[in-house]
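What follows is a set of notes on a single structure, which appears directly below.
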Amino acid sequence: MLFTELARQVVSPNGRIGLLVPSGIATDDTTKHFFGDLMDKKALTALYDFENRDRIFPDIDGRFKFSVLLMNGRDRQTEEADFVFFARSIDDLKPRDRHITLSARDLKIFNPNTHTCPIFRTRTDCQLTKRIYRNIPILVDQNRKSGGNPWGVRFVRMFDQTNNAELFRSAEILQSDGFRLEGNRWIRRKDIYLPLYEAKMVQAFDHRAASVIVEGGNWMRQGQTDDTTLVAHQNPEFVALPRFWVAEKEVLRVLGGKGTAFPAFVGFKDITSPTNQRTMIASAIPFAAVTNHFPLMLMNLPWRRQLCLLANLNTFAFDYATRQKIGGVTLNFFIVEQLPTLPPDRYDEKCDWDKKVTLEKWISDRVLKLSCTADDMRPLATAADFKEGVHKWNEAERSKLRAELDAAYFILYGLSREEVEYVLNQFQGVVKEDESHRGPGSTREEILNAYDGMGL
């Protein structure tokens, strides 16, 4: 970074200078002031972002991203800089549709808090994302003196897997200390140890996606997942088991002694990638200990309203926008804060496709059926006045419910059917995985049919 700053200082007023730099210079929070100043001063001519997957640099990991950064002197200002993202070779710079021009004003639309750069594969992505941002506000707008955080979201990383390891207890230790296992909690009189949820245990709307087993013979990654079977998912008594447990008093300490106010948590997986099948994966989980790679989003709103935010996070519309913003493998808070998110008061409105109910009722009913599939989620069901308590896990129904939620948010985001088809086509990993299990076109067609059925 120091070398890049020095290069900018020494370039002549009418000159240009090109450098190879990590791509994070345009997308990371730590370099936002430098990059923002480049754009504000019209000193950036071009930035061409490359993935090393074709081994341009053979000794460097294929996931490494670097950029050609071209800067100009103060007398050679550039109104709009030229960008290309996700190139793998020089040939990828040739197609015109790969080139996107952005100004400082554009960055303030996409990332008003940080003025960092989004990452678009094509002009179509840029234009569609810009339209979404003009329709939908961001989650947290730091530029507003009041009302900038309408959800009242507070991000919490509960326990760091390295720095807080001294608080973690294994099943063997707890058993030897006289604790007994009830569900996935260890109890000894008034002492309770809560399961330590890791991100790998969770999938969208599924807090029991996997247990974690310890492979002691592994030098690295000793904690391996044991995926939950369909039969286990259909058993409401089944609980996912972690590697470790943490004393309930430590969880309450992190929460400031407010544990009784949280019948459940909403959180998301922060290790991800724009090339994964899904980039944003969020879920409700029971009251428990949680590692740092599943940050929580704490709010003081009624639970049905909070579940509307969870629904929003897990939709293709939201995920599509997320993919345009993440340059590395970590879904940082500053990225999440600047994603287009429906505000909470929007859910007071009636559904355009069902005037009998509010958006909150229509959406939260579906989220509760997706989330409250086990006995350990009964506290959430009670808090949300979900009379059913526990809803039976049914794969076909879950697919239908998620398709309806996706269709609803495509409508709420203002996307046309053609745009919906385009967005769904960007998730080829999901399509291929789905087709291998359910046949051609299942997820895509189910969402499109739901969208058509809502017939606006």
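The values are calculated or read from the model by the stated rules, or taken from the named source; none is laboratory data. No experiment lies behind these values; they were computed from the predicted model shown. Neighbour counts run over all protein chains shown; Cβ positions are idealised from the backbone, glycine included.
Residues of the stretch 89-107 that are among the acidic types (Asp, Glu) and either surrounded by fewer than 16 Cβ atoms within 10 Å (Cβ to Cβ) or outside the structural domain of ASN14 (by TED's automatic domain parsing) (or both): ASP91, ASP97.
Show the residue pairs meeting these rules: Cβ distance below 8 Å; 6+ apart or different chains; first residue within the stretch 343-357 and closer than 17 Å to GLY455 by Cα; second residue among the aromatic types (Phe, Trp, Tyr). Matching pairs, first to second residue: CYS351/TRP362; ASP354/TRP362.
So that you can scan it fast, the table gives a plain yes or no per residue for (1) in contact with an Asp or Glu (Cβ under 9 Å, 6 or more places away or on another chain); (2) over 17 Å from THR275 (Cβ atoms); (3) touching a residue at least 24 places away in the same chain (Cβ under 8 Å); (4) not aromatic (Phe, Trp, Tyr):
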residue: ALA26; (1), (2), (3), (4): yes, yes, yes, yes
residue: GLY36; (1), (2), (3), (4): no, yes, yes, yes
residue: THR45; (1), (2), (3), (4): yes, yes, yes, yes
residue: ASP49; (1), (2), (3), (4): no, no, yes, yes
residue: PHE57; (1), (2), (3), (4): no, yes, no, no
residue: GLY62; (1), (2), (3), (4): yes, no, no, yes
residue: LYS65; (1), (2), (3), (4): yes, no, yes, yes
residue: ARG74; (1), (2), (3), (4): no, yes, yes, yes
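When the residues of the stretch 3-18 are filtered to those that are among the β-branched types (Val, Ile, Thr) and under 15 Å from GLN77 (Cα atoms), which remaining residue is farthest from the chain's Cα centre (by Cα)? The extreme case among them is VAL11.
Scanning the stretch 423-456 for residues that are within 16 Å of GLU397 (Cα to Cα) and at pLDDT below 80 yields ASP434, HIS437, ARG438. Somewhere in the stretch 190-204, is a residue part of a loop (DSSP other than H, G, I, E, B), in the same structural domain as LEU342 (by TED's automatic domain parsing) and over 30 Å from MET299 (Cβ atoms)? No, that holds for no residue. Would you mind telling me which numbered condition in (1) assigned to a loop (DSSP other than H, G, I, E, B); (2) more than 28 Å from ALA264 (Cα to Cα) ASN149 fails? Here ASN149 meets the rest and fails (2).
Of the residues in the stretch 86-104, at least one is over 24 Å from GLN338 (Cβ atoms) and of a type in the set (Val, Ile, Thr).
Only one entry in LYS356, LYS361 is closer than 28 Å to ASN394 by Cβ and part of a helix (DSSP H, G or I), namely LYS361.
Would a scan of the stretch 157-164 turn up a residue that is of a type outside the set (Phe, Trp, Tyr) and not in a loop (DSSP other than H, G, I, E, B)? Within the stretch 157-164 (the criterion being of a type outside the set (Phe, Trp, Tyr) and not in a loop (DSSP other than H, G, I, E, B)), the answer is no, since none of the residues qualifies. In the set (1) crowded, with 19+ Cβ neighbours inside 10 Å; (2) without any contact (Cβ under 8 Å) to a residue 24 or more places away in the chain; (3) not aliphatic (A, V, I, L, M), LYS32 fails one condition alone, (2).
Summed over the stretch 165-206, residues that are within 17 Å of GLU250 (Cβ to Cβ) and touching a residue at least 40 places away in the same chain (Cβ under 8 Å) total 16. Here PRO22 qualifies as surrounded by 14 or more Cβ atoms within 10 Å (Cβ to Cβ), in contact with a Phe, Trp or Tyr (Cβ under 8 Å, 6 or more places away or on another chain) and within 21 Å of ILE335 (Cβ to Cβ).
Annotation note: of ALA26, ALA43, the sole residue that is in contact with a Gly (Cβ under 9 Å, 6 or more places away or on another chain), over 17 Å from ARG121 (Cα atoms) and in the same structural domain as ALA104 (by TED's automatic domain parsing) is ALA43.
Considering the conditions (1) among the aliphatic types (A, V, I, L, M); (2) surrounded by fewer than 20 Cβ atoms within 10 Å (Cβ to Cβ); (3) out of contact with any helix residue (DSSP H, G or I) (no Cβ under 8 Å at 6 or more places or on another chain); (4) closer than 25 Å to ASP385 by Cβ, LEU313 is excluded by exactly one of them, (2). Do we have any residue at all in the stretch 338-360 that's more than 18 Å from GLY414 (Cα to Cα), in contact with a Leu (Cβ under 7 Å, 6 or more places away or on another chain) and surrounded by fewer than 21 Cβ atoms within 10 Å (Cβ to Cβ)? Looking for residues that are more than 18 Å from GLY414 (Cα to Cα), in contact with a Leu (Cβ under 7 Å, 6 or more places away or on another chain) and surrounded by fewer than 21 Cβ atoms within 10 Å (Cβ to Cβ), one finds none in the stretch 338-360, hence no.
Going through THR116, THR129, THR122, THR162 one at a time, which residue ends up being of a type in the set (Val, Ile, Thr) and loosely packed, with under 15 Cβ neighbours inside 10 Å? Can you show your working first?
On the way: THR116 fails: loosely packed, with under 15 Cβ neighbours inside 10 Å; THR129 fails: loosely packed, with under 15 Cβ neighbours inside 10 Å; THR122 fails: loosely packed, with under 15 Cβ neighbours inside 10 Å.
Result: THR162 is the single residue among THR116, THR129, THR122, THR162 that is of a type in the set (Val, Ile, Thr) and loosely packed, with under 15 Cβ neighbours inside 10 Å.
I need the full set of residues from the stretch 130-164 which are hydroxyl-bearing (Ser, Thr, Tyr) and touching a helix residue (DSSP H, G or I) at 6+ places or on another chain (Cβ under 6 Å), in order please. Steps first, answer last, please.
Filtering the stretch 130-164 down to residues hydroxyl-bearing (Ser, Thr, Tyr) leaves 133, 146, 162.
Selection gives TYR133 alone.
Right, ASP106: under 21 Å from PHE334 (Cβ atoms) and assigned to a strand (DSSP E or B) or not? For ASP106, the condition - under 21 Å from PHE334 (Cβ atoms) and assigned to a strand (DSSP E or B) - is not met. A count restricted to the stretch 283-333 and to residues that are over 29 Å from VAL246 (Cβ atoms), within 11 Å of the chain's Cα centre (by Cα) and not in a helix (DSSP H, G or I) stands at 3. The residue list PHE86, PHE155, PHE110, PHE66 contains one member that is surrounded by 16 or more Cβ atoms within 10 Å (Cβ to Cβ), closer than 30 Å to LEU255 by Cα and of a type in the set (Phe, Trp, Tyr), which is PHE155.
One residue stands out in the stretch 236-266 among those that are small (Gly, Ala, Ser) and without any contact (Cβ under 8 Å) to a residue 40 or more places away in the chain: the one that is farthest from ALA165 (Cα to Cα), namely ALA261.
One line per residue, one yes/no per condition, for (1) of a type in the set (Val, Ile, Thr); (2) modelled with pLDDT of 95 or more:
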position: ALA199; (1), (2): no, yes
position: ASN218; (1), (2): no, no
position: THR228; (1), (2): yes, yes
position: ASN235; (1), (2): no, yes
position: PRO242; (1), (2): no, yes
